[in-house]
Amino acid sequence: MCGICGFAGFEDKALLRSMVNLLRHRGPDDSGMYADKKISLGHTRLSIVDLSSAGHQPMCNDAGTLWISFNGEVYNHKALRAELESRGYSFKSNTDTEVVLKAYEAHGQECIHLFNGMFAFAIWNSESKELFLARDRLGIKPLYYTVCKDSLLFASEIKPLLLYEHTSREVDYGAVSLALSFRYVPSERTLFKAIFQIPPGCFAFWRFGNKEAGKLEIKKYWKPFFSCDSKDSFETSVKKTEKLLKSSIEMRKNCDVPFGAYLSGGLDSSLIVAYLSRFVSEPVKTFSISFGDDPSSEHTDARQVSEHFRTDHEEIIVDRDISQLFPEVVWRLEAPHSPITVPLLLLSRHASKKVKVVLSGDGADETFMGYLHHRNLLLNRRLKSFFPSFLSKAAAKSVGFLPVRALDFFFNYPESMGDAGRQRLQSYLSNLNDPYAAYTSFVINFSKEEQGRLFTPRMRRFVADPKSFLSSAFSEQMPKEFLFKMLSYELKNWLPYTILLANDKLTMASSIEGRVPFLDHFLVEHASRIKYTHNTTLFRDKQVLRKIGSKVLPKEIFKKKKHAFHIPLDAWLSKNGVFERVFSSKSIMRRGIYSQPSIKKLMGSYKESKLLRGRQLGLLLSVELWFRLFVDHDPTKLSKNALRRVVDN
């Protein structure tokens, strides 16, 4: 795991050095640069495989015509090395980086199909005058870029791109609206108009000296989609899944440094720990986080799993207000995100004292239909065929007469749904025959109407219509069935631009490598073909994984109902009045995009609808912090003390 950066079209060694320095946290073990008049490559190294100086980057081939800056891991590099050696290629190191370089030398762009792993890399061909950029299939590793006139800049993070004086910092307010709608920007866009991501499963070329010169050509090489068309029985699906999962975990334990696993006590992380314990002789190092006496904390389950597999377990107990760390989280993520990500920053800091690699259960919900709205959309799929529109409207109306306590008991959320949550449920029920509207009711954070009230008139012209956006985005998905379109869409958007973004940047913030066994592309391709009824029913999620868990996990764990990871947001934010401080009348006027009465009304309704209003306020807080960090200040120059003070600036 490393940091990469560079640019094409000009020469500036001072700029390259500054870009590398901004990525030191991603690779504190070594750094390097390569530059000529047309291309500059930078690299910071976190040594994971072959810790010797032979792994120094940027790395060149024997002829000195190819140069690579590589971030990530290719888990099948030993098998690929053997194949390349049989073709006459020799190696100077035991790194996967050199395997990637020689594979490109042997196969060109087609080499990308050979790699099983997570990666983002750049290869410069000095003979053909081509720069090749590539990102892994699922988007586990990030790769940002910007085009300035006839020049291209790229990096593992946004901040190095902002060092270039010609990089535009103009805000994309349409992307801001999408972020408030979905809790992330659901595309390769960022909140800067001129900065983008290479999409997952894509590679790109930047060429000199021909008709394609000065233009980034992006091509898709892998496109996942859910068909759920397998003819396998449930038992066969379980056997195939178990085999692929075990293989994935076994591959991802291979490294030349200490490794461990994040253990929440849920099904996904517990399965990883169960198999890791079989593959190694020493106790697996596991890490979990708890929030003192908070009743929704799952630390007791994590302890039970740890005791069952006799792991070397460490529990980080958070009994203090850590909302002060949220500005740093937003600065690290370079995008708005939920405050729920703060514990990952703390967990990674603690784990980095003991290990350099951690495995986590990220991706299991997206690949094995683990979210509540998956089951609800399955219900929608069944009801709409025989539930007339007038009955769905009547059902929605009747919910309005139910006490909130009854809904809270039925849905079992960690916070009360309140009136706002009840209104969302009514919206879902009244739209049973419109899957886009029904889906929007579940996943939306701020609706188009709510954003219209939230913003000033000058901002309202940028407000996105979530339903129209989803309808357009879903039309690009290959399956015809709405349920499968939704799953494909989430795999290509929600997963890389929220879950994996946080996994990468908040582990890398502490110079630790996060690995995600559930996102082995062979496992994902298999999961996307499993009959959806094997995975999820109206009353049970992830049945295939639960069946696997029944063989290796304590009964209480594999049968446990899924709970969303929860933080005691109410306790943290009520102590120091962070909302009131950030959204003071003075700060609202200074920003000039928020309606002051609407902000005050939103804050005032929090106690009555903690679940939805808490999510909305947390997201709104992160958006405002992003403006303060990336617009009001220069994010490339902020110190940790300045990050803490940004709430009151």
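The values are calculated or read from the model by the stated rules, or taken from the named source; none is laboratory data. On a predicted model such as this, the values are computed, not experimentally measured, just so you know. Every residue, glycine among them, receives a Cβ derived from its backbone with ideal geometry; neighbour counts consider all protein chains shown. Side chains are part of the model used for accessible areas, which takes the heavy atoms of the whole protein and leaves out ligands, DNA and RNA. Shrake-Rupley method; radii C 1.70, N 1.55, O 1.52, S 1.80 Å.
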Problem set entry | Criterion (part of a helix (DSSP H, G or I), out of contact with any strand residue (DSSP E or B) (no Cβ under 7 Å at 6 or more places or on another chain), of a type in the set (A, V, I, L, M, F, W, C) and open to solvent by 20 Å² or more (accessible area, probe 1.4 Å)) met by exactly one of ALA79, ALA103 | ALA79
For this session: For the range 119-127, state whether one or more residues are in contact (Cβ under 8 Å) with a residue 60 or more places away in the chain, within 17 Å of PHE208 (Cα to Cα) and either aromatic (Phe, Trp, Tyr) or surrounded by 24 or more Cβ atoms within 10 Å (Cβ to Cβ) (or both).
Result: yes
For this session: Give the number of residues within the range 152-170 that are surrounded by 17 or more Cβ atoms within 10 Å (Cβ to Cβ) and either out of contact with any Ser or Thr (no Cβ under 8 Å at 6 or more places or on another chain) or not charged (D, E, K, R) (or both).
Result: 13
Problem set entry | Candidate set from the range 297-323 (those that are modelled with pLDDT of 90 or more and polar (S, T, N, Q)); member that is surrounded by the fewest Cβ atoms within 10 Å (Cβ to Cβ) | GLN304
Exercise. What is the number of the single condition among (1) in contact (Cβ under 8 Å) with a residue 40 or more places away in the chain; (2) open to solvent by 40 Å² or more (accessible area, probe 1.4 Å) that GLU476 does not meet?
Worked result: (1)
Exercise. Which ones in the range 324-365 are in contact with a Pro (Cβ under 7 Å, 6 or more places away or on another chain) and either part of a loop (DSSP other than H, G, I, E, B) or surrounded by fewer than 21 Cβ atoms within 10 Å (Cβ to Cβ) (or both)?
Worked result: LYS354, VAL355, LYS356
Problem set entry | Residues of the range 216-273 classified as more than 28 Å from PRO199 (Cβ to Cβ) and either free of Cβ contacts under 8 Å to residues at least 40 places away in the same chain or of a type in the set (D, E, K, R) (or both), total | 14
For this session: Would you be able to say whether some residue in the range 100-108 is more than 23 Å from MET251 (Cα to Cα), among the acidic types (Asp, Glu) and over 26 Å from the mean Cα position of the chain (by Cα)?
Result: yes
Exercise. Of the residues that sit in the range 47-76 and are within 15 Å of LYS102 (Cα to Cα) and in a loop (DSSP other than H, G, I, E, B), which one is most open to solvent (accessible area, probe 1.4 Å)?
Worked result: ASP62
Seminar exercise, completed: Of the residues in the range 600-649, those that are within 24 Å of THR167 (Cα to Cα), of a type in the set (D, E, K, R) and either assigned to a helix (DSSP H, G or I) or touching a strand residue (DSSP E or B) at 6+ places or on another chain (Cβ under 8 Å) (or both) come to GLU624, ARG628, ASP632, LYS637
For this session: Hey, can you tell me all the residues within the range 128-156 that are closer than 30 Å to LEU359 by Cβ, in contact (Cβ under 8 Å) with a residue 60 or more places away in the chain and of a type in the set (Ser, Thr, Tyr)?
Result: TYR145, SER156
